[in-house]
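Working notes for the structure below.
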Amino acid sequence: MPPLPLPLGEAFLQGTSGGPKRERTQAQLLHAAVQVICERGLPGATMQQVAQAAGVTTATLYNHFGTKEALVQRLAVTLAQTLCRAIHESYGHIADAAERMAIGQRRYVLLAMESPAWALLLLDVMTATPEVLKEIEKYPLADLRAGVKQKKFKVPSEAIAMDVINGVCSTAMRRVAMGEAPRKHDAACAAVVLRALGVEPDEAAEVAARPLPPLGNVEPARRGSPAGSPRPTKARRSS
């Protein structure tokens with residue numbers, strides 16, 4: 001698999017630093033999992049390789065994650081939450097709920113364009129773990145409610161609105177990741193969602209085409225480095 005996109009890789013590192021010892025160890029293991037998956041692909045990555053990359057014993061890894069599936073699920077959940085926070089922070093200065101909604105939609109679709117394999121992994125885990133989707137939904141739901149208050153959005157219910165938001169975005173991500181989408185599919189996706197939420201067609205198209213705010217706070221000097229390949233610091237072996 002390719003490396004994580006640089007802003008997501010940076011946000012992932014920042015969001016999994018600090019905390020109690022057990023949390024720090026789990027973060028170390030997740031960083032190692034990213035490294036191994038990038039180097040060997042998801043099917044080729046083994047628990048033994050992850051433990052070696054993290055500088056711990058295999059027993060320590062299994063103490064935190066009982067199976068490879070549990071490790072991959074936790075990694076995907078952490079990446080999804082990291083991406084949500086990074087997107088939310090990128091448009092924190094924007095008051096227009098329609099623009100905020102468009103940015104969120106476009107960022108997810110662009111992730112599928114930049115890193116199809118990671119996007120598909122996130123989609124598969126979210127499908128298999130509904131509670132993860134519920135956690136992620138908090139961000140577009142807040143923007144939906146803000147848009148209703150601003151009288152930008154007119155929807156019959158929050159439930160159907162969230163179905164549209166999630167359905168269009170996830171389907172567009174998968175289409176892009178599979179290489180089946182036309183150019184500018186991210187903006188088209190955002191415009192369709194805005195129209196479904198009650199925004200007039202011309203305004204929806206204009207809002208969806210606005211320049212995106214920067215994602216993450218990456219030093220310019222580092223932009224030439226490989227995109228977001230977290231490499232864990234070797235730790236003392238433990239059991």
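The values are calculated or read from the model by the stated rules, or taken from the named source; none is laboratory data. Computed from a prediction, not measured in an experiment: that's the story for all the values here. With ideal geometry, Cβ positions are generated from the backbone for all residues, glycine too; neighbour counts draw on all protein chains shown.
Some notes on this structure:
- Some residue of the stretch 71-90 being surrounded by fewer than 18 Cβ atoms within 10 Å (Cβ to Cβ), charged (D, E, K, R), closer than 25 Å to Leu123 by Cβ and over 18 Å from the mean Cα position of the chain (by Cα): no
- Every residue from the stretch 134-159 that is among the hydrophobic types (A, V, I, L, M, F, W, C) and surrounded by 15 or more Cβ atoms within 10 Å (Cβ to Cβ): Ile136, Leu141, Leu144, Ala146, Val148, Phe153, Val155
- Selection within the stretch 123-171: residues that are under 16 Å from Ala95 (Cβ atoms) and basic (Lys, Arg). The member of this set that is nearest to the chain's Cα centre (by Cα) is Arg145.
- The one condition in (1) surrounded by fewer than 14 Cβ atoms within 10 Å (Cβ to Cβ); (2) assigned to a helix (DSSP H, G or I) that Gln49 fails to fulfil: (1)
- Pairs with Cβ under 6 Å, 6+ apart, first in the stretch 107-129 and assigned by TED's automatic domain parsing to the domain that holds Pro140, second surrounded by 17 or more Cβ atoms within 10 Å (Cβ to Cβ) and assigned to a loop (DSSP other than H, G, I, E, B): Glu114/Pro5; Ser115/Pro5; Ala117/Met1
- Failed condition for Ala98, given (1) closer than 30 Å to Leu141 by Cβ; (2) surrounded by 22 or more Cβ atoms within 10 Å (Cβ to Cβ); (3) within 17 Å of the chain's Cα centre (by Cα): (3)
- The residues listed here are Arg100, Arg107; of these, the one that is in contact with an Asp or Glu (Cβ under 6 Å, 6 or more places away or on another chain) and of a type in the set (D, E, K, R) is Arg100.
- Selection from the stretch 42-66 of residues that are under 17 Å from Leu79 (Cα atoms) and either in contact (Cβ under 8 Å) with a residue 60 or more places away in the chain or of a type in the set (Lys, Arg) (or both): Leu42
- Test: residue in the stretch 26-38 that is surrounded by fewer than 16 Cβ atoms within 10 Å (Cβ to Cβ) and either assigned to a helix (DSSP H, G or I) or more than 19 Å from the chain's Cα centre (by Cα) (or both): no
- Residue in the stretch 92-106 that is in the same structural domain as Cys169 (by TED's automatic domain parsing), of a type in the set (Lys, Arg) and within 30 Å of Arg195 (Cα to Cα) present: yes
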